[in-house]
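Working notes, beginning with the structure itself.
Here, each number is a calculation from the coordinates, and none is a lab measurement. None of the values given here were measured: they were computed from a predicted structure. So basically every Cβ, Gly included, is an ideal-geometry build from the backbone, and we count neighbours across all protein chains shown.
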Amino acid sequence: MKAFLFDVDDTLYDQVQPFARTFYRLYPERNDIDIHKLFARSRVYSDEVFEDSCTGKITMEEMYIYRVQKALADFDIAISDEQALTFQKYYEEYQGKIEVSEQIQAMLQALSEKENVQLGVITNGPNEHQWDKVRALDLQRWIPEEHVFVSGEIGINKPQKEIFTYAENRMHLTAEDAYFIGDSPENDVAGAKNAGWHSIWFNRRKKTTVVGLEPEYCVTSEEELAELLQNICGA
């Protein structure tokens with residue numbers, strides 16, 4: 001029995017899309033900015049304060065303000081707290097309209113039809129917010145709700161190995177048969193390795209490998225990911 005568990009954001013859907021729609025709604029004239037680089041900076045700043053937002057050191061609103069203000073400041077755009085929250089409001093609006101690509105749909109469908117494969121999700125974030133994304137993506141078509149593990153609901157975040165162990169126990173897995181697929185070396189690759197799982201880095205942005213966080217596998221496109229998982233199933 002193989003088990004493939006996925007991160008959600010920037011793994012099962014391209015997170016740049018709702019971010020780009022938000023940015024160009026507010027700054028339609030700023031075609032000079034590389035939206036992928038801006039998005040990457042926002043993720044860096046989000047990761048900086050994510051743990052503080054989970055422990056209550058800062059509020060979620062403060063985290064949203066921090067990451068948007070800091071990212072835009074890197075591109076010489078200064079915004080107020082109110083404007084940052086407006087950005088977040090529109091971003092959440094567009095996240096409610098996210099879709100799974102045809103390639104990912106086909107991959108999940110093929111995997112879900114295999115008798116020797118289980119599918120699941122482990123995602124960091126507030127419980128309701130992450131479940132909204134799961135439902136917007138209609139992941140229940142392929143992944144049972146009881147196999148969706150949200151850090152905000154469980155009280156443990158990736159890369160802590162305990163959230164992987166929690167999923168392992170709930171799904172009755174063995175670590176040697178568990179594969180985790182995600183976009184973050186720090187959270188997804190490190191977390192899987194900490195738990196003794198196989199790690200698959202979905203490197204959509206073609207980033208440089210982080211020293212000490214080398215994954216067992218690395219793919220850079222949805223097509224490569226689908227092919228890899230199919231090959232693992234056949235192994």
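Between the Cα long axis of helix 222-234 and the first principal axis of the chain there is an angle of about 20°, rounded to the nearest 10.
Residues of the stretch 43-82 with the amide nitrogen closer than 12 Å to a label point 7 Å from the Cα of GLU92, along Cα-to-Cβ, please. Under cut-off, by backbone N: 60-62, 64-65. In degrees from 0 to 90, rounded to the nearest 10, what is the angle of the helix 60-73 Cα long axis to the longest principal axis of the chain? With rounding to tens, the tilt is 70 degrees.
As a proxy for reagent exposure, ranking LYS2, LYS97 by other Cβ atoms within 10 Å from fewest up yields LYS97, LYS2. The lysines whose alpha-carbon is closer than 25 Å to the alpha-carbon of LYS97, local same-chain residues fewer than 8 away aside, are LYS37, LYS89, LYS133.
From helices alone, the chain scores -15000 deg cm²/dmol at 222 nm; the rule is -39500 (n - 2.57) for each run of n ≥ 4 DSSP H residues, then divide by the residue total. Residues ILE35, ILE181, ranked from the fewest to the most other C-beta atoms within 10 Å, line up as ILE35, ILE181.
Listed values [x] 30, 19, 17; [y] 32, 23, 16; [z] 33, 19, 14 include one computed from this model; for semi-axes √(5λ) of the Cα gyration tensor in Å that value carries the label [x]. With neighbours defined as other Cβ atoms within 10 Å of a residue's Cβ, the residues VAL16, VAL189 order from fewest to most as VAL16, VAL189. One quarter of the convex hull surface built on the alpha carbon atoms of the stretch 158-224 amounts to 4.4 nm², the projected area averaged over directions. Would you tally the net charge around ILE181, using a Cβ to Cβ cut-off of less than 9 Å, leaving ILE181 out, and scoring K and R as +1, D and E as -1? Result for the neighbourhood of ILE181: -3. The long axis of helix 102-112 is offset from the longest Cα principal axis of the chain by roughly 30 degrees.
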